[in-house]
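K.L.:
First, the structure itself, so that you have it in front of you.
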Amino acid sequence: MAKSIIVQTDPTKRFQKFEEYTHARTDIIRFKAYDTLTGIEVTWHELDTHTLSEEQKEKLVEYGSILVGLKHESMLSFLHYWLDVEKHIFVFITESMFGTSVLDHIVIGNSVVSERVLAKWFHSILFAINFLHTNPAQIIHCGINLESIFVKPSSGHAKIIPPLIDPYFLFQGKNSIKLRLSTAPEMLDHKISPASDIWSFGIALLYAV
């Protein structure tokens, strides 16, 4: 087995990033990483901030300070974050994105999933959504879809990714919108509310069924 190579350590020296990446797109890259404090694998995310204004970067940092204190059994933990000014990257660390997403599990993988199992998965996600909506800061997730729900193979427990992993809705422009199957109608007018997440949740459940 090839040994993982450590290529970077966070400013606190707690988290070590490996060279192996798990996901890449135009604005964000995810790497495998290691938490030296707990001895477990975590996920290291790098968000490109070249096109963001100073105000938008401040909003990212402010949002990160809120998310780092949120803990729920059905949401991947947001562990740490910082802004790398020199490299123009916003880095955040989350609990490892274990297993496969629901999309990979039942749509791409063609796995047969019973109604009982689907109910178990989505019931857990509803609890996480309610937790975000009833938080004093009332956080709207804006990224609920089959790709954002992960299932742990050993237990079958489902967890949703933290809101910040898909940060598009933090700084979308007035003349643009990112359309998905799960996009709520009010988002076309650049308005979001807790109902937006419920819409996306319902569409994700219907798609899974």
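K.L.:
What is the percent carbon and sulfur in the accessible area of the chain, measuring with a 1.4 Å probe over the protein chains and ignoring ligands?
P.N.:
Carbon with sulfur: 57 percent of the solvent-accessible area.
K.L.:
I would also like to ask the following. Would you work out which of Ile40, Trp121, Ser182 lies farthest towards the positive end of the dipole of the chain, given +1 charges on the beta-carbon of Lys and Arg and -1 on that of Asp and Glu, about the Cα centre?
P.N.:
Trp121
K.L.:
Tell me the accessible surface of Phe122 in square angstrom (1.4 angstrom probe, heavy atoms of protein chains only), to the nearest ten.
P.N.:
Number for this one is 10 Å².
K.L.:
How much area per residue is accessible in the chain when the probe is 1.4 Å and only protein heavy atoms are counted (Å²)?
P.N.:
Per-residue accessible area for the chain comes out at 55 Å².
K.L.:
Three principal axis extents, largest first, for the C-alpha atoms of the stretch 41-131, in Å?
P.N.:
49, 28, 25
K.L.:
Given the protein chains as shown and a 1.4 Å probe, how many square angstrom of Thr38 are accessible, to the nearest 10?
P.N.:
The accessible area of Thr38 comes to roughly 80 Å².
K.L.:
For the chain, what is the percent of antiparallel DSSP beta bridges, rounded to the nearest 5?
P.N.:
95
K.L.:
Given the C-alpha centroids of the stretch 140-164 and the stretch 54-69, what is the distance between them in whole angstrom?
P.N.:
21
K.L.:
Here is a further query. Where does each of Val113, Val91 land when they are ordered by accessible area, with a 1.4 Å probe and the largest first?
P.N.:
Ranked from most to least accessible, the order is Val113, Val91.
K.L.:
Here's something else I'd like to know. Could you order Tyr21, Tyr207, Tyr63, Tyr34 by accessible surface area, starting with the largest, using a probe radius of 1.4 Å?
P.N.:
Listed by decreasing accessible area, they come as Tyr21, Tyr207, Tyr34, Tyr63.
K.L.:
Mind checking the full-extension length gain between Ala24 and Glu115? Use 0.36 nm per residue of separation minus the Cα-Cα distance, one decimal, nm.
P.N.:
Value of the extension gain: 29.5 nm.
K.L.:
How much solvent-accessible surface does Lys71 expose, in Å² to the nearest 10, with a 1.4 Å probe and all protein chains in place?
P.N.:
Surface open to solvent at Lys71 totals about 110 Å².
K.L.:
Related question: Rank these residues by their accessible area, most exposed first, probe 1.4 Å: Arg116, Arg14.
P.N.:
From most exposed to least exposed: Arg116, Arg14.
K.L.:
Here's another thing I want to ask about it. Work out the length of the dipole vector of the stretch 21-114 about its Cα centre, built from +1 on the beta-carbon of each Lys and Arg and -1 on the beta-carbon of each Asp and Glu, and round it to the nearest 20 debye.
P.N.:
240
K.L.:
With unit charges on the beta carbon (Lys/Arg positive, Asp/Glu negative), name the residue among Ile192, Asn145, Tyr81 whose Cα is farthest towards the positive pole of the charge dipole of the chain.
P.N.:
Asn145
The values are calculated or read from the model by the stated rules, or taken from the named source; none is laboratory data. Keep in mind the model is a prediction, meaning the values are calculated, not measured. In this analysis, Cβ positions are derived from the backbone assuming ideal geometry, glycine residues included, and neighbour counts consider all displayed protein chains. These accessible areas exclude ligands, DNA and RNA; they are computed on the full protein's heavy atoms, side chains included. Shrake-Rupley method; radii C 1.70, N 1.55, O 1.52, S 1.80 Å.
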